[in-house]
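Scroll down for the structure; my scribbles are underneath it.
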């Protein structure tokens, strides 16, 4: 499997935006794209700069989502600075320091649809209704995480600085 | 706009990497990654709970069905004459013109030759008889038949193995070809070889078929599992056995 970071594949994401058909396609498949009250989710370069909701993300709620193996599922694949959760996975990079390596906008795109950055990634696209067949009845037509949950997780990840083990950025 | 979307998504799918199959010399059973205690439990026949089902299977093998027609042993004789069968199944079934797995074959015999209703999937009887038959091949290398009539099932199984499915958009290959040996939460991802089925899983507190295992994996992918006995599952089983050869049969294995 190819393992590329967002920065190496930034060119791909830019092409997505520049190619009209693709931009529309990506937009149409995002969860809540039919919600006409909000502007469509726009990818700029390797990021989604604008928050998906008007309510700022809550890092504490975000941490709870990341720690929850049946909601965020994150710790199945990633380790992170959440010491009370044992048995963390190692399919993806350690989430410690994710907020130092990425802007909030980059984290948002990585969560909403990491496949826009790396089409081969195994990380699920959390806020794009997956086009894959055979979605289980309980999950059909739904994104893995709702827009506000994405904002909460982004807010939490942004607190994970290289210079802190746990807690908000200094 | 919808059509554009569909076309673009098609392009996305075709970009997905074609997973590399594990070379024969690097194939490893899930057995190798287990704790010493669980391995000891599997190899010691007095400790392996699967042997209870094997014993039940031996009884069923010689017991005449309610219809009064012959028992399995009445047609096949000693079960030892079926050594090697579990190592080559799924096989091509002339009657249906399709691939059939061992459980399907047992139920076929029951219907056609014993005039009794087929056993339910995951029933004690079906698990016992398939454990008994698998046990006859214990230690033999998996030996896929060369029969070209199985090619459609092989191709379908290989395609299903690589297809992204479910809400999480994962494929079997994403875990078992590309990430075996890594940790998914508490579990070490095995290469995913069906060497030991039906097997005793500590988590199940009982014996289960390979299809039960596959349904567990599919539920984890938030996908709608294939139905027990479906052509899709038989095709996946055929592909998984090709992909596992020449690892030895371990039935009844023990897994965490």
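Per-structure values
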quantity: Residues of segment B:239-253 satisfying the condition of being touching a strand residue (DSSP E or B) at 6+ places or on another chain (Cβ under 6 Å) and surrounded by fewer than 24 Cβ atoms within 10 Å (Cβ to Cβ); calculated: B:246, B:248
quantity: Unmet requirement for residue B:152, which otherwise passes all of (1) outside the structural domain of residue B:211 (by TED's automatic domain parsing); (2) out of contact with any strand residue (DSSP E or B) (no Cβ under 6 Å at 6 or more places or on another chain); calculated: (1)
quantity: Test: residue in segment B:161-169 that is within 14 Å of chain A (Cβ to nearest Cβ), at pLDDT 95 or above and part of a helix (DSSP H, G or I); calculated: yes
quantity: Hits in segment B:216-238 - residues which are within 12 Å of chain A (Cβ to nearest Cβ), under 19 Å from residue B:191 (Cβ atoms) and assigned to a helix (DSSP H, G or I); calculated: B:218, B:220
quantity: Check on residue B:185, more than 13 Å from every other protein chain (Cβ to nearest Cβ), surrounded by fewer than 21 Cβ atoms within 10 Å (Cβ to Cβ) and on the phi > 0 side of the Ramachandran plot; calculated: no
quantity: Sole exception among (1) facing another protein chain (nearest Cβ under 9 Å); (2) without any contact (Cβ under 8 Å) to a residue 60 or more places away in the chain for residue A:68, by number; calculated: (1)
quantity: Given (1) in a loop (DSSP other than H, G, I, E, B); (2) at pLDDT 95 or above, index of the condition residue A:151 fails; calculated: (1)
quantity: Condition met for residue A:115 (part of a helix (DSSP H, G or I) and within 23 Å of residue B:177 (Cβ to Cβ)); calculated: yes
quantity: Verdict on residue B:139 being touching a strand residue (DSSP E or B) at 6+ places or on another chain (Cβ under 9 Å) and loosely packed, with under 15 Cβ neighbours inside 10 Å; calculated: yes
quantity: Per-region count, segment B:154-170, residues surrounded by fewer than 23 Cβ atoms within 10 Å (Cβ to Cβ) and touching a helix residue (DSSP H, G or I) at 6+ places or on another chain (Cβ under 6 Å); calculated: 6
quantity: Residues (surrounded by fewer than 16 Cβ atoms within 10 Å (Cβ to Cβ) and either touching a strand residue (DSSP E or B) at 6+ places or on another chain (Cβ under 6 Å) or under 24 Å from residue B:125 (Cα atoms) (or both)) located in segment B:218-228; calculated: B:227, B:228
quantity: Of all residues in segment A:83-100 being touching a residue at least 24 places away in the same chain (Cβ under 8 Å) and touching a helix residue (DSSP H, G or I) at 6+ places or on another chain (Cβ under 8 Å), the one that is nearest to the other protein chains (Cβ to nearest Cβ); calculated: A:91
quantity: When residues of segment A:133-147 are limited to those that are more than 8 Å from chain B (Cβ to nearest Cβ) and under 18 Å from residue A:114 (Cβ atoms), the one surrounded by the most Cβ atoms within 10 Å (Cβ to Cβ); calculated: A:143
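Yes/no matrix, rows are residues, columns are (1) modelled with pLDDT of 95 or more; (2) surrounded by fewer than 17 Cβ atoms within 10 Å (Cβ to Cβ); (3) within 14 Å of chain A (Cβ to nearest Cβ):
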position: B:13; (1), (2), (3): no, yes, yes
position: B:44; (1), (2), (3): yes, yes, no
position: B:50; (1), (2), (3): yes, no, no
position: B:56; (1), (2), (3): yes, no, no
position: B:62; (1), (2), (3): yes, yes, no
position: B:70; (1), (2), (3): no, yes, no
position: B:77; (1), (2), (3): no, yes, no
position: B:80; (1), (2), (3): no, yes, no
position: B:90; (1), (2), (3): yes, no, no
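Let's see how each residue does on (1) touching a residue at least 12 places away in the same chain (Cβ under 8 Å); (2) assigned to a loop (DSSP other than H, G, I, E, B); (3) surrounded by fewer than 20 Cβ atoms within 10 Å (Cβ to Cβ); (4) more than 14 Å from chain A (Cβ to nearest Cβ):
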site	(1), (2), (3), (4)
B:145	yes, yes, yes, yes
B:175	yes, no, no, no
B:192	yes, yes, no, yes
B:207	yes, no, no, yes
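The values are calculated or read from the model by the stated rules, or taken from the named source; none is laboratory data. Since this is a predicted model, take the numbers as computed values, not measurements. So basically every Cβ, Gly included, is an ideal-geometry build from the backbone, and we count neighbours across all protein chains shown.
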